[in-house]
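Trainee: Questions regarding the structure given below will be posed in turn.
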Amino acid sequence: MKVAFFDTHGFERSVFADENRGFGHEITHFEVRLGEQTASLASGFTALCAFVNDRIGASVLEKIARSGTRLIALRCAGFNNVDLEAAGRLGIRVVRVPEYSPHAVAEHAVALILSLDRKIHRAHSRVREGNFSLEGLVGFDLHGKTVGVVGTGRIGAVFAKIMLGFGCRVLVCDRAENPELLGLPGIRYVELPELLRESQIISLHVPLTPSTRHLIDGPAIERMRSGVMIINTGRGALIDTPALVHGLKSGKVGSAGLDVYEEEEGIFFEDLSDQVLQDDTLARLLTFPNVLMTSHQAFLTAEALSNIATTTLKNISDFEAGLALDNEVTAAANLRKSGS
Ligand code: NAI
């Protein structure tokens, strides 16, 4: 099938090319993101393959439906960037990769925690400049600390078990309890207010839905322990960023590890190193010594990329063959899941 890939990057092209040997799709790569200005590129492609920051709202969907697109294959897990209701109405089906490596994301969250705690980012810069002083680099033992995990689906469950291995007390919350975690000594399901109140480290692993948008806002931060570490590898808009900046300035938030940012579209995945950063909130975040940001790279392992390619190409083949689409997302199913 002829497939147009949008927002493609060098790190994934060769992986898709290798995996596609077994599928035989005709792939055209576009480096631009799919959006209002680029929707015309989709003309003649029944299937489009999109990524996390392609903006696929109603008017883009109307344009691509008119030019013949019938499938959007997301090569990611999250689907908050697609207007599913409009897609359904226009007869465009949407598939995704629900799971590719929960370990990749969970392990990245742990990397952020360890780096922030032990100030590895600061130590690395210092040592390279010949500054071997230890002043300001005191960390804390993870052992015995209370870690809160918001969302215990695939990624949150792996993350919770890793933190158990460090000897942490793990508080988890979710609308539905994960049987994998029930009965594990050291892990306890609680309501969100208790998790916020008790945890020294809070890590977010829920999808972005209307009910989780700005889950961490000013009042939520007020309820937290002083000096709390907040980790977000979920979606940027789970956190109200100005509220986080306020919390960091006051010292209420001790540190933050962010792989996602609510205004990341157009910034993350790009080399903007020779430009003036226009986003003042992001610029402010980057000034804090106790903030560590990565550019939506938590998924980026060889294993995850290979799984993403295989599932995406199979989703497209299943659509082409008229088979049931196991990984389809629809507005109705999403509404049932999010309860919103
Ligand atoms: P999942 O669907 O397995 O788990 C999500 C969990 O959140 C479910 O257990 C669900 O019941 C819970 N949940 C949903 N709404 C809730 C609410 N309002 N309150 C409490 N719990 C709620 O998803 P998975 O695979 O664990 O991924 C989680 C999120 O991580 C994805 O939605 C995506 O946004 C993000 N992600 C980020 C990546 C990155 O590279 N930074 C890569 C992959 C995923």
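Trainee: Expressed as an acute angle from 0 to 90° and rounded to the nearest 10, what is the orientation of the C-alpha long axis of helix 154-165 relative to the principal long axis of the chain?
Mentor: 30 degrees
Trainee: Among Leu41, Leu182, Leu142, whose mean-square fluctuation peaks in a Gaussian network model of the chain (Cα, cutoff 10 Å)?
Mentor: Per the Cα network of the chain with a 10 Å cutoff, Leu182 tops the list.
Trainee: Quick one: how many Å² of Glu270 are accessible to a 1.4 Å probe, rounded to 10?
Mentor: Taking all protein chains as shown, Glu270 has close to 90 Å².
Trainee: I've got another one for you. With labels modelled as points extended 7 Å from the Cα through the Cβ direction, what inter-label distance (nm, one decimal) is found for Val276 paired with Ala324?
Mentor: 5.8 nm
Trainee: Which whole-number percent gives the relative contact order of the range 102-293, counting Cα pairs below 8 Å spaced six or more residues apart?
Mentor: After rounding, I find 19 percent.
Trainee: Could you provide, to the nearest whole Å², the per residue accessible area of the range 137-296 with probe 1.4 Å?
Mentor: With the other protein chains kept in place, the range 137-296 gives 45 Å² per residue.
Trainee: In the Gaussian network model of the chain, springs joining C-alpha atoms below 10 Å, which of Lys119, Lys249, Lys161 carries the largest mean-square fluctuation?
Mentor: Lys249
Trainee: Here's something else I'd like to know. Pairs of alpha-carbon atoms within less than 8 angstrom and 6+ residues apart define the contacts here; what relative contact order does the chain have, in percent?
Mentor: Details: 620 pairs, mean separation 61.3, N = 340.
Computed value for the chain: 18 percent relative contact order.
Trainee: Can you give the translational diffusion coefficient of the chain in µm²/s, computed by Stokes-Einstein from the Kirkwood radius over Cα pairs at 37 °C and 0.692 mPa s? Walk me through the numbers before you get to the answer.
Mentor: Numbers: Rh = 21.2 Å.
After rounding, the answer is 155 µm²/s.
Trainee: Right, something else. Treat each spin label as a single point 7 Å out from the Cα along the C-beta direction, and report the Glu265 to Glu177 distance in nm.
Mentor: Taking the two extended label points, one gets 3.9 nm.
Trainee: Any chance you could look up the accessible area of Glu19 with a 1.4 Å probe, heavy atoms only, rounded to 10 Å²?
Mentor: 50 Å²
Trainee: Looking only at the chain, where both bridge partners belong to it, what percent of the DSSP beta bridges are antiparallel (to the nearest 5)?
Mentor: Details: 1 of 41 bridges.
Taking every DSSP beta bridge within the chain, about 0 percent pair in antiparallel fashion.
Trainee: Once the other residues with Cβ under 15 Å from the Cβ of Ala321 are scored (Lys, Arg +1; Asp, Glu -1), what is the net sum?
Mentor: -1
Trainee: Roughly to the nearest percent, how much of the accessible area of the range 102-293 is carbon and sulfur, given a 1.4 Å probe?
Mentor: 53 percent
Trainee: Ok, one more. For the range 180-261, which semi-axes, largest first and in whole Å, follow from the square roots of 5 times the eigenvalues of its Cα gyration tensor?
Mentor: 21, 16, 11
Trainee: Turning to a different aspect of this structure: What FRET efficiency, computed as 1/(1 + (r/R0)^6) with R0 = 35 Å and r the Cβ-Cβ distance, is obtained for Ala283 and Val138, rounded to the nearest 0.05? List each step's numbers first, then the result.
Mentor: Working: r = 28 Å, r/R0 = 0.79.
Once the sixth-power term is evaluated, E becomes 0.80.
Trainee: Using label points projected 7 Å from each Cα along Cα→Cβ, tell me how many nm separate Glu99 and Arg128, to one decimal.
Mentor: 3.8 nm
Trainee: Counting alpha carbon pairs within less than 8 Å and at least 6 residues apart, what relative contact order, in whole percent, applies to the range 8-153?
Mentor: 15 percent.
Trainee: If the elastic network links every pair of Cα atoms under 10 Å, which of Thr46, Thr38, Thr146 fluctuates the most in the Gaussian network model of the chain?
Mentor: Thr38
Trainee: With a Förster radius of 56 Å, plug the Cβ-Cβ distance of Ser14 and Arg188 into 1/(1 + (r/R0)^6) and report the FRET value to the nearest 0.05.
Mentor: Efficiency for this residue pair is about 0.80.
Trainee: Just from its helices, what would the mean residue ellipticity at 222 nm be for the chain, if runs of 4 or more DSSP H residues each count -39500 (n - 2.57) and the sum is divided by every residue, rounded to the nearest 500 deg cm²/dmol?
Mentor: Numbers: 12 runs with 120 residues, N = 340.
So the calculated ellipticity at 222 nm is -10500 deg cm²/dmol.
Trainee: Quick one: dipole size for the range 102-293, taken about the Cα centre, charges +1 on Lys/Arg Cβ and -1 on Asp/Glu Cβ, in debye to the nearest 20.
Mentor: Magnitude of the dipole: close to 780 debye.
Trainee: Given the options Val15, Ala106, Leu48, identify the residue whose Cα lies farthest towards the positive end of the charge dipole of the chain (+1 on Cβ of Lys, Arg; -1 on Cβ of Asp, Glu).
Mentor: Ala106
Trainee: Also, quick follow-up: Place a +1 charge on the Cβ of each Lys and Arg in the chain and a -1 charge on the Cβ of each Asp and Glu, then give the dipole magnitude about the Cα centre in debye, rounded to the nearest 20.
Mentor: The calculation lands at about 580 debye.
Trainee: Write down the accessible area per residue of the range 1-104 in Å², having rolled a 1.4 Å probe over the full set of protein chains.
Mentor: Working: 4250 Å² over 104 residues.
About 41 Å² of surface per residue is accessible.
The values are calculated or read from the model by the stated rules, or taken from the named source; none is laboratory data. Keep in mind it's a predicted model, so treat the numbers as computed, not measured. Virtual Cβ from ideal backbone geometry, glycine too; neighbours counted across all protein chains shown. What goes into the accessible areas is simple: the full protein's heavy atoms, side chains included, and nothing from ligands, DNA or RNA. Shrake-Rupley method; radii C 1.70, N 1.55, O 1.52, S 1.80 Å.
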